[in-house]
Amino acid sequence: MTDDFRIRVYGHAWAQDLLRRALQHGATRHAYLFAGPEHIGKTTLARAFAQALTCENLAGEDGLGACGRCRSCRLAAEGMHPDHRLFAPAGNQLRIDQIREVVREAALSPVESRYKVFIITEFERANVNAANALLKTLEEPSATTRIILVSHQPSGLLDTIISRCQLLRMRPLPESEVVRALQERLGLEEPDARRLARLSNGRIGRAFSLAEDPESWQSYNQRIQEMQAILAYSPAQRIAYAQALEKHKQLEIILQEWLLWWRDVLVIQNRGQALIVNQDHLDALTDLARSIPGPQIRRFVDAIMTTAAYLRKNVNRQLAMEALLLKAPHRE
Amino acid sequence: MRVSVLQENLAKGLSIVGRAVASRSTLPVLNNILLETEHSQLKLSAMDMEIAINCWVGAMVEEEGQITVPARLLSDFVNSLPKERIDMELNARTQTLHLRCAHYEANIKGIDANEFPIIPTYQGDMDAPSVEVEPAKLRSMIDQVAFAASKDDSRPTFTGVYTLLEGDRLTMVATDGFRLAVRSAILEEPAASNLGVIIPARALTELSRIISTVSLGEDDGVEVIFTQARNQIMFHLPGVDLVSQLIEANFPDYKKIIPTSYNTRAVLDTGEFLNAMKVADLFARDAARSVKVTMEPGDPGKVILTATSPELGDNVSEIDAMIEGEGMNATFNSKYMIDVLQIIDTPQVAFEAVSATRPGVFRPVGGSPEDEYVHVIMPMSPR
């Protein structure tokens, strides 16, 4: 349908229910914090919530209840709504002048809707001054203001920020929901959808970008090639590669890719029946399964998991990656 | 859309609405001006997050229509054209506006008018509380109050002007925490209901500018419409609407800040006081702008301004004054004093103080009794 402008949220049914009920009872809170891993749909949920908050005939039982047909819903879907303001870090940081803009605009009445909705993404990138500048507005915004903070590192936020928000902790989607979303939105066949779902590990945004964006698929394949190449690297070369990798913004995703890759190798080695995620690289996988002993692979897999856990705890990324790469299996 | 307008009229209209065009908006359509045919006129609209302006320009409309085009490009182009007729035609399919004037032609790519936010437009009967104010009076109110509002966006409440309607009295109040300006005026016809809103100071300064630009007839008034339901305020002049968002907050009880009595009162010539203060400011500029004001009773009494800069030197000025009450000296910010002395429009001004640590009060002397003005300035701690 071309006249349905609802912003579709996949998964997070409980969060959608909670927000829809708050909307129905006119009991939405003035500030929310949507927290959870990257690419699971936090900002999409925030945009859909904003759309519902300003919908002219909020009624539906579906999703968040926005009608998807009014002018306001259309503008929301196009990202052109004058009462929806999306703030993302400019460069590495949410700057204090961006927050001041929020503070100033939040004091003003909405332009054409009941509410003025501010979405601030990657809020962990706000430094202490910027975060503090928002405190007063966050605590006592005007009756027509709604603020949604989005963060994948809520542990990095000030307590004073978190305590002023209703916290929704969002999790990666179950594989089945990602499969369904890929089939529904992109019309993928079941096996393709399942492989992408597995590869994305419940991060639906990542699944969509792998499916839709050739560049992101290309860079994935390139990383897979590089990972095979390092098996033949000398320790010095491995350390150099670790240094290059460390600059990558989403190390966790790379580690996840490696885990799935080595899992595939183990499945083949043990003649398992489970789905092979990297179906396109069957030859390479089989080759590795033949040439590298199982225990070595398992040790490396353990090391990857430990490193991923370290990274979440903010260790020195470069050291962690160097140590990990030195533990990778060796092949001539 | 097919419409013809005179270059002069369009250029003037664009300059009026141009002030409301968003300078760096995340919403691309707000960098544009909305052109809309309306009866036999072309309506121009622009808005940023705070204010919106509609302006009507006489036109020959052959075919109705609407489009938004980049404000900067359109204004610069129109300003470069000769004073002749401009024919405009919209290609609805490509959303491109074709303009032709004398030997100049241009196609300007636009954005669909449906993307433009809805700006309330004046209609004769708006079913909302409204009052009519004489333009010159409204301008003087704004000019005497708006400058005292804070420029610090981290306290949005104080960046606005609290505007109160009580019966036949219209009052405007602004403060930045260090000074307070209150001006009220009597309306010819009382309002139907009492209310108070906070209007961004910038909206009022723009309004003051518009009042001074458009040509108004003798009987033309500014209609002020409080569109309560939409939380906006509209100022309607012949051919122009200015709509402002309101600041949603509670304004502090300003009356508590105005001292109700004084121990010393000086009445002196406004111009002399201003000039002496400007001289003192030359020396105070390097010294946190602090100027000592000494009031000496006597016959005649004197007001003595002293400014001392550790590096530049010092300065003393004396002004003859009528002093009532005891002698006193207190220290004030020279910029704040200059700001208020510049907008007091009576030849004489009264300066009142309770003590060196309490706020000083300025009042015009001998003005019209119904146009009340009070300006309060917090003292600086004496050094």
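The values are calculated or read from the model by the stated rules, or taken from the named source; none is laboratory data. The structure presented is a predicted model; accordingly, all values stated were derived computationally and were not measured. Please note: Cβ atoms are built from the backbone with ideal geometry, for glycine as well, and neighbour counts cover all protein chains shown. Please note that ligands, DNA and RNA were not included when accessible areas were found on the heavy atoms of the full protein model with its side chains. Shrake-Rupley method; radii C 1.70, N 1.55, O 1.52, S 1.80 Å.
Every listed requirement among (1) open to solvent by 20 Å² or more (accessible area, probe 1.4 Å); (2) in contact (Cβ under 8 Å) with a residue 60 or more places away in the chain; (3) within 14 Å of chain A (Cβ to nearest Cβ); (4) within 20 Å of B:N107 (Cα to Cα) is met by B:N31 save one, (2). Here the helices (runs of 4 or more DSSP H) wholly within region A:117-231 that include at least 3 residues being surrounded by 19 or more Cβ atoms within 10 Å (Cβ to Cβ) and of a type in the set (G, A, S) are A:128-139, A:190-200.
Yes/no matrix, rows are residues, columns are (1) modelled with pLDDT under 95; (2) surrounded by fewer than 18 Cβ atoms within 10 Å (Cβ to Cβ):
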site: B:V279; (1), (2): no, yes
site: B:R289; (1), (2): yes, no
site: B:G298; (1), (2): yes, yes
site: B:I304; (1), (2): no, yes
site: B:T308; (1), (2): yes, no
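Scanning region A:117-137 for residues that are within 13 Å of chain B (Cβ to nearest Cβ) and farther than 17 Å from A:F49 by Cα yields a count of 8.
Can you find, within region A:83-100, the residue that is nearest to A:A130 (Cα to Cα) among those that are more than 8 Å from every other protein chain (Cβ to nearest Cβ), in contact (Cβ under 8 Å) with a residue 12 or more places away in the chain and not hydrophobic (A, V, I, L, M, F, W, C)?
Taking region A:83-100 first, the residues more than 8 Å from every other protein chain (Cβ to nearest Cβ) are A:83-84, A:87-99.
Filter once more, so that each one left must be in contact (Cβ under 8 Å) with a residue 12 or more places away in the chain: A:83-84, A:87-89, A:92-96, A:98-99.
Subsequent filtering for residues that are not hydrophobic (A, V, I, L, M, F, W, C) retains A:83-84, A:89, A:92-93, A:95, A:98.
Working: A:D83: 22, A:H84: 21, A:P89: 11, A:N92: 13, A:Q93: 10, A:R95: 6, A:Q98: 8 Å.
Checked region A:83-100; the qualifying residue nearest to A:A130 (Cα to Cα) is A:R95.
The set of residues in region B:77-126 that are under 28 Å from B:T26 (Cα atoms), acidic (D, E) and part of a loop (DSSP other than H, G, I, E, B) contains only B:D112. Test of understanding: among A:E61, A:E56, A:E78, which residue is within 27 Å of B:R24 (Cα to Cα), modelled with pLDDT under 95 and either in contact with a Leu (Cβ under 9 Å, 6 or more places away or on another chain) or open to solvent by 50 Å² or more (accessible area, probe 1.4 Å) (or both)? Answer to the selection: A:E78.
The residues of region B:220-230 that are within 30 Å of A:P141 (Cβ to Cβ) and either out of contact with any Ser or Thr (no Cβ under 8 Å at 6 or more places or on another chain) or away from chain A (no Cβ under 14 Å) (or both), listed by number, are B:V224, B:I225, B:T227, B:Q228, B:A229.
Taking region A:232-258 as the range and being open to solvent by 30 Å² or more (accessible area, probe 1.4 Å), of a type in the set (A, V, I, L, M) and within 26 Å of A:R185 (Cβ to Cβ) as the test, no residue passes. Scanning region B:116-133 for residues that are away from chain A (no Cβ under 14 Å) and out of contact with any strand residue (DSSP E or B) (no Cβ under 8 Å at 6 or more places or on another chain) returns B:Q123, B:G124, B:D125, B:D127. In region B:236-256, of all residues being crowded, with 22+ Cβ neighbours inside 10 Å and within 12 Å of another protein chain (Cβ to nearest Cβ), the one that is farthest from B:A203 (Cα to Cα) corresponds to B:E248.
Just name the residue that is nearest to the other protein chains (Cβ to nearest Cβ) out of those in region B:34-64 that are closer than 16 Å to B:N114 by Cβ and crowded, with 18+ Cβ neighbours inside 10 Å. Top of the filtered list is B:M47. Counting the residues of region A:237-263 that are of a type in the set (A, V, I, L, M) and within 19 Å of the chain's Cα centre (by Cα) gives 6. State yes or no: is B:I233 buried (at least 17 other Cβ atoms within 10 Å of the Cβ), touching a Gly at 6+ places or on another chain (Cβ under 7 Å) and either within 14 Å of chain A (Cβ to nearest Cβ) or over 22 Å from B:R19 (Cβ atoms) (or both)? Considered against the rule, which asks whether it is buried (at least 17 other Cβ atoms within 10 Å of the Cβ), touching a Gly at 6+ places or on another chain (Cβ under 7 Å) and either within 14 Å of chain A (Cβ to nearest Cβ) or over 22 Å from B:R19 (Cβ atoms) (or both), B:I233 comes out as no.
Name the residue that is surrounded by the fewest Cβ atoms within 10 Å (Cβ to Cβ), counting only residues in region A:25-53 that are on the phi < 0 side of the Ramachandran plot and of a type in the set (G, A, S).
Checked region A:25-53; the qualifying residue surrounded by the fewest Cβ atoms within 10 Å (Cβ to Cβ) is A:A27.
Screening region A:101-116 for residues that are in contact with a strand residue (DSSP E or B) (Cβ under 7 Å, 6 or more places away or on another chain), more than 8 Å from chain B (Cβ to nearest Cβ) and not basic (K, R) and picking the one that is most open to solvent (accessible area, probe 1.4 Å) gives A:Y115. The condition (being over 19 Å from B:V240 (Cα atoms), open to solvent by less than 20 Å² (accessible area, probe 1.4 Å) and touching a helix residue (DSSP H, G or I) at 6+ places or on another chain (Cβ under 7 Å)) is satisfied by just one residue among B:L74, B:L97: B:L74.
With respect to the conditions (1) away from chain B (no Cβ under 14 Å); (2) touching a helix residue (DSSP H, G or I) at 6+ places or on another chain (Cβ under 8 Å), A:Q166 lacks only one, and its number is (2). Is there a residue in region A:254-261 that is at pLDDT 90 or above, more than 28 Å from A:E122 (Cα to Cα) and part of a helix (DSSP H, G or I)? Looking for residues that are at pLDDT 90 or above, more than 28 Å from A:E122 (Cα to Cα) and part of a helix (DSSP H, G or I), one finds at least one in region A:254-261, hence yes.
Of everything in region B:257-272 that is open to solvent by less than 50 Å² (accessible area, probe 1.4 Å) and more than 25 Å from the chain's Cα centre (by Cα), the residue that is nearest to the other protein chains (Cβ to nearest Cβ) is B:P259. Note on region A:288-330: among residues that are assigned to a helix (DSSP H, G or I) and charged (D, E, K, R), the one that is least open to solvent (accessible area, probe 1.4 Å) is A:E322.
Count of region B:184-219 residues, restricted to those that are within 14 Å of chain A (Cβ to nearest Cβ), within 27 Å of B:N333 (Cβ to Cβ) and either open to solvent by less than 40 Å² (accessible area, probe 1.4 Å) or outside any helix (DSSP H, G or I) (or both), is 5.
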